[in-house]
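**Q** Dropping a structure here in structure tokens format, bear with me for questions.
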Amino acid sequence: MTMILDSAHLVPETWTDGSAESCYVFNPAIVMIHGRFIMAYRVVTADGARRVAISELDAVSLQPKTETIVPLSDLIQDGGQWCADPRFCTFGERLFIHYNDGWRIPNQIYLLELDPDRLIPRGPARPLVLEGPRLPVEKNWLLFQHDGELLAVYRIAPHTILHVELAGGDRVYCRRLVERDWNSAPYAKQYGEPRGGTPPVRIGGIYYSFFHSTYPADFLRRLMGRLRRYMPRNSMRYAAGFYGFAVTPSFQPVLFTPTPVLRPDRSLPRRRLPPLNPSVKDSVYPSGAVWTGEKWIVAYGARDELCCIGTLTHDSLLKASQWLAIDE
């Protein structure tokens, strides 16, 4: 089941210039803390600014409580002017959000602690700094709590886990803990390399996460675009898969879905705004998932202009998964 949130009800009034219809609202993240559902999401306003807003959701309907909406990026200190793709992380009773500053080379991922009740920053944003080499543009780290420490999924294939050191000054230093190769080819060959999506959630002895990937909408057109050194319109699709990894110190992947579990939905309403990225035909971009004990609630963006919330059963995901051999 998929629910599409009304974008007009998600834009802070101070950003609308009288109309929320001209704003792109997409790529939501979701978390549950203190018994409340909280959602953060991207907003691209008419002036082209990239922003992040945050809101509490009704616990039953999962609709935004408009009186709780906070123009979060307006309140961030030392966190850049471009805020994209927020994701949550809880650490004990503390609530954090991390986001990236776009396609700058090199770009930066920032970590920000939030007051979980007022949904406003507790201090300035701090950049995540990786010891050792990193790619010039990275967006999809996934922070999670494990046995009293803060860790992050840096890459899914090979599976690379970082230790995140919260204590310290104005930077958050991260170091590699472990890197494990695994065979993601049954998915990657057709749907693209698995990339970060939703922060891992532990159920028993396994952490579970929804990832995203990109793949050609039409192979021939994509190939011609590469030969001509440009990306043709409507040449790419985004989809989402599901995987799990062990809670033991090796954090070895133990299962994954060889085909997407969330795809672009043809039943979505027609596009109302010009594409932000003309090369993308359709997209599903998961940024947060909550396990209720009965079902998964997954928050994801669609077509760079919609916030969607889907529900999936755990049994259906396990039935669609392929188990991996464990070598430890």
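The values are calculated or read from the model by the stated rules, or taken from the named source; none is laboratory data. Predicted model only: the values in this text are computed from it and were never measured. Reconstructed Cβ throughout: ideal geometry from the backbone, glycine too, with neighbour counts over all protein chains shown. All accessible areas refer to the heavy atoms of the entire protein, side chains included, with ligands and DNA or RNA removed. Shrake-Rupley method; radii C 1.70, N 1.55, O 1.52, S 1.80 Å.
**Q** Which residue pairs have Cβ atoms closer than 9 Å, lie 6 or more positions apart in sequence or on different chains, and pair a first residue in segment 145-162 that is farther than 25 Å from Pro258 by Cβ with a second residue that is outside any strand (DSSP E or B) and hydrophobic (A, V, I, L, M, F, W, C)?
**A** Within 9 Å, the pairs are His146/Val247; His146/Phe251; Asp147/Val247; Leu150/Leu166; Leu151/Phe251; Ala152/Trp141; Leu162/Trp141.
**Q** Only one of (1) under 21 Å from Gly79 (Cβ atoms); (2) in a loop (DSSP other than H, G, I, E, B); (3) not charged (D, E, K, R) is not met by Trp182, so which one is it?
**A** Failing condition for Trp182: (1).
**Q** Here is a follow-up. Exactly one of (1) at pLDDT 95 or above; (2) open to solvent by less than 60 Å² (accessible area, probe 1.4 Å); (3) basic (Lys, Arg) is unmet by Lys139. Its number?
**A** Condition (1) is where Lys139 drops out.
**Q** Give the residue that is most open to solvent (accessible area, probe 1.4 Å), with candidates limited to residues of segment 47-64 that are of a type in the set (D, E, K, R) and farther than 22 Å from Glu305 by Cβ.
**A** Step one: filter segment 47-64 for residues of a type in the set (D, E, K, R), giving 47, 50-51, 56, 58.
The next check asks that each one be farther than 22 Å from Glu305 by Cβ; those that pass are 56, 58.
Values: Glu56: 25, Asp58: 54 Å².
Checking each candidate, the answer is Asp58.
**Q** Would you say Leu95 is closer than 21 Å to Cys174 by Cα, open to solvent by less than 20 Å² (accessible area, probe 1.4 Å) and either at pLDDT below 95 or in contact with a strand residue (DSSP E or B) (Cβ under 8 Å, 6 or more places away or on another chain) (or both)? Outline the logic, then answer.
**A** Values: closer than 21 Å to Cys174 by Cα: yes; open to solvent by less than 20 Å² (accessible area, probe 1.4 Å): yes; either at pLDDT below 95 or in contact with a strand residue (DSSP E or B) (Cβ under 8 Å, 6 or more places away or on another chain) (or both): yes.
Judged against the criteria, Leu95 is a match.
**Q** Follow-up. Before we move on, is Val60 farther than 24 Å from Arg270 by Cα, more than 21 Å from the chain's Cα centre (by Cα) and among the aliphatic types (A, V, I, L, M)?
**A** Numbers: farther than 24 Å from Arg270 by Cα: yes; more than 21 Å from the chain's Cα centre (by Cα): yes; among the aliphatic types (A, V, I, L, M): yes.
In short, yes.
**Q** Here's another thing I want to ask about it. Looking at Met39, Met32 in this structure, which one is surrounded by fewer than 22 Cβ atoms within 10 Å (Cβ to Cβ), outside any loop (DSSP other than H, G, I, E, B) and not small (Gly, Ala, Ser)? So that I can check it myself, show each step before the final result.
**A** Details: Met39 fails: surrounded by fewer than 22 Cβ atoms within 10 Å (Cβ to Cβ).
The unique qualifying residue is Met32.
**Q** Looking only at segment 194-208, how many residues end up being over 15 Å from Met32 (Cβ atoms) and either of a type in the set (Val, Ile, Thr) or out of contact with any strand residue (DSSP E or B) (no Cβ under 6 Å at 6 or more places or on another chain) (or both)?
**A** 3
**Q** Quick one: in segment 251-286, which of the residues that are in a loop (DSSP other than H, G, I, E, B) and crowded, with 17+ Cβ neighbours inside 10 Å is nearest to the chain's Cα centre (by Cα)? Reasoning before the result, please.
**A** If we filter segment 251-286 for residues that are in a loop (DSSP other than H, G, I, E, B), which is where we start, we get 251-252, 257-261, 263-279, 283.
The next check asks that each one be crowded, with 17+ Cβ neighbours inside 10 Å; those that pass are 251-252, 257, 260-261, 264, 283.
Details: Phe251: 20, Gln252: 21, Thr257: 18, Pro260: 16, Val261: 15, Pro264: 16, Ser283: 13 Å.
Looking at the filtered set, the residue picked out is Ser283.
**Q** Also, quick follow-up: Within segment 287-305, which residues are crowded, with 24+ Cβ neighbours inside 10 Å and either under 13 Å from Tyr208 (Cβ atoms) or modelled with pLDDT of 95 or more (or both)?
**A** To start, the set of residues in segment 287-305 that are crowded, with 24+ Cβ neighbours inside 10 Å comprises 287-289, 298-301, 303.
Correct list: Ser287, Gly288, Ala289, Val298, Ala299, Tyr300, Gly301.
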